[in-house]
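Take a look at the structure set out below.
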Amino acid sequence: MQVIHKIEKMQRTSSEYFMNGKTIGFVPTMGYLHEGHLQLIKEARKQNDIVILSIFVNPLQFGAGEDLDTYPRDEERDMQLAEENGVDVVFLPSRDTMYPQPLSLSISVDKRADVLCGRSRPGHFEGVVTVLTKLFNICQPTKAYFGLKDAQQLAVVDALIQDFNFPIELVGVATIRENDGLAKSSRNVRLSQQERKEAPFIQKALKKGNGMVADGTKNPAQIVKETKKFLESQTHGRIDYVELLSYPELEPVKEIDRQVILAAAVNYQQARLIDNVIFDETGTISQG
């Protein structure tokens, strides 16, 4: 496994792979790898000749009250996991390498960002698309892999690729879950015993809403109301939102006549959990 720190060397390496007819699967991360990241790597490994993993804690996507300095890091463990899971190249730039001076240009996200989690994180997705634009140009991937647990991020990345004509195939990878249905997350360890018992009801509530569509309900407001009501009855956490939107456009719908996402976020004492289910107008789940 090769570890590259400099942009120019990473670009040369990727160009050589391309010239030799190799496909490149790219997994962008901020490190502190967990099972979700490893699943992305495994999918990239199956589908490509070369797998590039980037590790960069991007300061541009941290907002007020989100402490960049305390973001968890474990470079040695990350390197070990990357090698064990078949990564060919780790791109590990420093902050000064990625942002040697203040940016002269900025990318604004006009759609898909001001709903769900983005509503409470202004500027977050601008930071995400800025660093991804740089990483896509540096690593030159054939396919890029993102988890469907953060379906809003996937939708924003889809818009970035489509609007700016990146020759990249976006691959959404299904959410990894515990046996009881709770989406796996490093935040789960922060749950109290009682909160951990309640947390799987987030997914159960979303599946209940999905089941209403399968049974013929087409009114989004009714589905959101019943989903939220069920969730409130099963958890003491504070519900941040329950929303039903078109997917990947993330726009309100008056009737369920296309692919949609039903998503929820719940705040517990020391953890904020998100989950979603994506399905079509018949209630057939398409991802996750």
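The values are calculated or read from the model by the stated rules, or taken from the named source; none is laboratory data. Model, not experiment: these values are computed from the prediction. Counting neighbours? That spans all protein chains shown, and the Cβs are built from the backbone with ideal geometry, glycine included.
Return a yes/no flag: does the stretch 166-186 have any residue that is over 24 Å from Gly36 (Cβ atoms) and either of a type in the set (Asp, Glu) or assigned to a helix (DSSP H, G or I) (or both). Even if it seems obvious, please write down each step before you answer.
Kept after step one, since they are over 24 Å from Gly36 (Cβ atoms), are these residues of the stretch 166-186: 167.
So of that shortlist, the ones also either of a type in the set (Asp, Glu) or assigned to a helix (DSSP H, G or I) (or both) come out as none.
There is no residue in the stretch 166-186 that is over 24 Å from Gly36 (Cβ atoms) and either of a type in the set (Asp, Glu) or assigned to a helix (DSSP H, G or I) (or both).
Residues that are of a type in the set (Gly, Ala, Ser): find the strands (runs of 3 or more DSSP E) completely inside the stretch 41-150 holding 1 or more of those.
50-55, 143-147
For the stretch 149-167, which residues satisfy the criterion of being at pLDDT 95 or above and under 17 Å from the mean Cα position of the chain (by Cα)? Spell out the reasoning first.
We begin by selecting, within the stretch 149-167, every residue at pLDDT 95 or above; these are 151-167.
Once the filter is applied, which keeps residues that are at pLDDT 95 or above and under 17 Å from the mean Cα position of the chain (by Cα), the stretch 149-167 yields Ala151, Gln152, Gln153, Leu154, Ala155, Val156, Val157, Asp158, Ala159, Leu160, Ile161.
Is it true that Ala155 is in a helix (DSSP H, G or I), touching a strand residue (DSSP E or B) at 6+ places or on another chain (Cβ under 9 Å) and on the phi < 0 side of the Ramachandran plot?
On the way: in a helix (DSSP H, G or I): yes; touching a strand residue (DSSP E or B) at 6+ places or on another chain (Cβ under 9 Å): yes; on the phi < 0 side of the Ramachandran plot: yes.
In short, yes.
Does Lys134 meet the test of being crowded, with 16+ Cβ neighbours inside 10 Å, among the charged types (D, E, K, R), under 30 Å from Ile52 (Cα atoms) and over 15 Å from the mean Cα position of the chain (by Cα)? Show your work before the answer.
Details: crowded, with 16+ Cβ neighbours inside 10 Å: yes; among the charged types (D, E, K, R): yes; under 30 Å from Ile52 (Cα atoms): yes; over 15 Å from the mean Cα position of the chain (by Cα): yes.
When the stated conditions are applied, Lys134 passes them.
Does Leu231 qualify as being closer than 19 Å to Leu116 by Cβ and either assigned by TED's automatic domain parsing to the domain that holds Val109 or assigned to a strand (DSSP E or B) (or both)?
Numbers: closer than 19 Å to Leu116 by Cβ: yes; either assigned by TED's automatic domain parsing to the domain that holds Val109 or assigned to a strand (DSSP E or B) (or both): no.
It is false that Leu231 is closer than 19 Å to Leu116 by Cβ and either assigned by TED's automatic domain parsing to the domain that holds Val109 or assigned to a strand (DSSP E or B) (or both).
Tell me, yes or no, whether the stretch 270-288 has at least one residue that is more than 30 Å from Val171 (Cβ to Cβ), outside the structural domain of Ala151 (by TED's automatic domain parsing) and at pLDDT below 95.
In the first step, residues of the stretch 270-288 are kept if they are more than 30 Å from Val171 (Cβ to Cβ); the result is 270.
Filter once more, keeping what is outside the structural domain of Ala151 (by TED's automatic domain parsing): 270.
Add one more test, that the residue is at pLDDT below 95, and what stays is 270.
Within the stretch 270-288, one or more residues are more than 30 Å from Val171 (Cβ to Cβ), outside the structural domain of Ala151 (by TED's automatic domain parsing) and at pLDDT below 95.
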